[in-house]
1. Residue A:144 versus (1) under 17 Å from residue A:30 (Cα atoms); (2) modelled with pLDDT under 95: which is the lone unmet condition?
2. Being surrounded by 19 or more Cβ atoms within 10 Å (Cβ to Cβ), within 16 Å of residue B:81 (Cβ to Cβ) and more than 14 Å from every other protein chain (Cβ to nearest Cβ) is the filter here, so list the residues in the range B:33-50 that pass it.
3. Could you say whether any residue in the range A:133-143 is within 14 Å of another protein chain (Cβ to nearest Cβ) and not aliphatic (A, V, I, L, M)?
4. Using beta carbons and a limit of 6 Å, which pairs, at least six apart or on different chains, have the first residue in the range B:98-127 and within 19 Å of residue B:56 (Cβ to Cβ) and the second one open to solvent by 70 Å² or more (accessible area, probe 1.4 Å)?
5. Does any residue in the range A:75-96 that is under 17 Å from residue A:147 (Cα atoms) and among the hydroxyl-bearing types (Ser, Thr, Tyr) come within less than 8 Å, Cβ to Cβ, of a residue that is open to solvent by 30 Å² or more (accessible area, probe 1.4 Å) and outside any helix (DSSP H, G or I) six or more places away or on a different chain, and which pairs are these?
6. Report, ordered by the first and then the second residue, all pairs with beta carbons closer than 8 Å, sequence separation of six or more or different chains, a first member in the range A:38-56 that is more than 19 Å from residue A:113 (Cβ to Cβ), and a second member that is open to solvent by 50 Å² or more (accessible area, probe 1.4 Å).
7. Can you name every residue in the range A:44-58 that is open to solvent by less than 90 Å² (accessible area, probe 1.4 Å), in contact with a helix residue (DSSP H, G or I) (Cβ under 6 Å, 6 or more places away or on another chain) and within 23 Å of residue A:147 (Cα to Cα)?
8. Residues that are crowded, with 16+ Cβ neighbours inside 10 Å and over 30 Å from residue A:125 (Cβ atoms): does the range B:113-133 have at least one?
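The values are calculated or read from the model by the stated rules, or taken from the named source; none is laboratory data. Please read all numbers here as calculations on a predicted model, not as lab measurements. Don't worry about glycine lacking a Cβ; one is built from the backbone with ideal geometry, like all the others, and counts go over all protein chains shown. Only protein heavy atoms, including side chains, enter the accessible area calculation; ligands, DNA and RNA are left aside. Shrake-Rupley method; radii C 1.70, N 1.55, O 1.52, S 1.80 Å.
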Amino acid sequence: MPIRTLLTCTLCLSFAVVLAPAAWADQNSAGRAAVLAAYAAQARKADANFTGFSAARGELLYSSRHLKARRADIQACAACHGADPTKPGENARTGRPIDPVAVSANPKRFTALENTEKWFGRNCKEIIGRDCTALEKGDYITYLQSR
Amino acid sequence: MRLPRFTLAVMAAALFSTPVLAERLNTVPAITNPVVKKECGACHMAYQPKFLGASTWDKILGDLSHHFGEDASLPPQTVDTIKAYYDANAGDSLPGLLRITQQSWWLMRHGGVGHTRFAAAKSKANCLACHKNADKGEYPLD
């Protein structure tokens, strides 16, 4: 029995040693996974039947016109981030350029919860007309992670 | 009798349009604080503190949830950092007019700029559309 435990431990350790560098190599992915995990926990709390995020729902959220937007001329995420999220966007009010929001074009997106929350906090109210739910936030990130 | 009155009028006009201030504003110190650069530059160019007086900056930074029609709220400690920086580096302006584009020197300097150029810039807030190094504090006359 002790030998088996020892073997298991050795196996686990060697796995850790092999896998760790890969994890360090992509801190961005790890950060994004943590952000998604935080939203998944919130979504599960809000709805026990939560099964996971959906890129398709996220795409709908991203490209739809939201009639409750605060401004009649800025009613979609795409209004500033562009119809193609892999391309740079532009603030529709001020003309300031915005780095791409798609993860493939901008790997730093959604890697820190605090920053992600700041932008959802501002932009959901602006575009959707209310705070986004954890499900919506997770769907949005899942969509942009697939782009 | 007419000449001194004319001279007086010119002097008065000169005083009220503060050309001295305008002349000085060809270049202003660039923003060096990384928090200010990041947060104030997130939706528009981060405007240099010299453009407004400290009391005006305080008014703007004291109500970021209603920031010219936008909710730009930030955590209190971040606002404090930004406020300290703007207060320490502020210029002069009359109280009341919150927008840089409402200041007399700004209006005087942009009087000759046509609608098409402003339209192309999207917004008068977009200094960089015409002043290529505005974010470095350089606003040369073109």
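1. Only one criterion in (1) under 17 Å from residue A:30 (Cα atoms); (2) modelled with pLDDT under 95 is unmet by residue A:144, namely (2).
2. B:36, B:49
3. Our first condition is that a residue be within 14 Å of another protein chain (Cβ to nearest Cβ); within the range A:133-143, this holds for none.
No: the range A:133-143 contains no residue that is within 14 Å of another protein chain (Cβ to nearest Cβ) and not aliphatic (A, V, I, L, M).
4. B:101/B:124
5. Correct list of pairs: A:86/A:104; A:86/A:105; A:86/A:147.
6. A:47/A:135; A:55/A:145; A:55/A:146
7. A:53, A:54, A:55, A:58
8. Within the range B:113-133, one or more residues are crowded, with 16+ Cβ neighbours inside 10 Å and over 30 Å from residue A:125 (Cβ atoms).
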